[in-house]
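Q: Encoded as structure tokens, here's the structure I'll be asking about.
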Amino acid sequence: MSEDTTIDTKELGEKIVNVLKTIYDPEIPVDIYELGLIYDVMVNEDNDVKILMTLTSPNCPVAESLPIEIEEKVKSINMVKDAEVEITFDPPWTQDLMSEEAKLELGFL
């Protein structure tokens, strides 16, 4: 792997995170990244992106629409060829996964 590829992947990862920070849980005024809903972002050599995430609960009202919104927004990044979101509840989401910023925003600190 050349140095350029490493830089491109890192840059792409930052772009993906920036996009994820524009997507909000409709019930909580904090973005999905700061909420700790994103468990992993994987980018292969073809710039296909796979995002492993969870929801605040299995009954989350956006369980159907949120993954589609994430895929569409991530696919809109120039360098991304394709995007797929996989939902998991293992491990289940807890407030401990939230960033300090999210906890502060929601009055948990």
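Q: Quick one: would you say residue 8 is touching a Lys or Arg at 6+ places or on another chain (Cβ under 8 Å) and farther than 21 Å from residue 104 by Cβ?
A: No; evaluated as a whole, the condition is false for this residue.
Q: What is the number of the single condition among (1) modelled with pLDDT of 95 or more; (2) open to solvent by less than 20 Å² (accessible area, probe 1.4 Å) that residue 55 does not meet?
A: Going through the list (1) modelled with pLDDT of 95 or more; (2) open to solvent by less than 20 Å² (accessible area, probe 1.4 Å), residue 55 breaks only (1).
Q: When region 67-105 is examined, which residues are found to be exposed (fewer than 15 other Cβ atoms within 10 Å of the Cβ), more than 19 Å from residue 9 (Cβ to Cβ) and among the hydrophobic types (A, V, I, L, M, F, W, C)?
A: Selection gives 68, 89, 104.
Q: For region 82-109, which positions are under 17 Å from the mean Cα position of the chain (by Cα), part of a loop (DSSP other than H, G, I, E, B) and more than 21 Å from residue 58 (Cβ to Cβ)?
A: Correct list: 99 only.
Q: Sticking with this one: Condition check: open to solvent by less than 50 Å² (accessible area, probe 1.4 Å), small (Gly, Ala, Ser), at positive phi and not in a strand (DSSP E or B). Does residue 36 satisfy that?
A: Judged against the criteria, residue 36 is a match.
The values are calculated or read from the model by the stated rules, or taken from the named source; none is laboratory data. From a predicted model like this one, the values you see are computed outputs, not experimental measurements. Every residue, glycine among them, receives a Cβ derived from its backbone with ideal geometry; neighbour counts consider all protein chains shown. Protein only, heavy atoms only, side chains kept; ligands, DNA and RNA dropped before computing areas. Shrake-Rupley method; radii C 1.70, N 1.55, O 1.52, S 1.80 Å.
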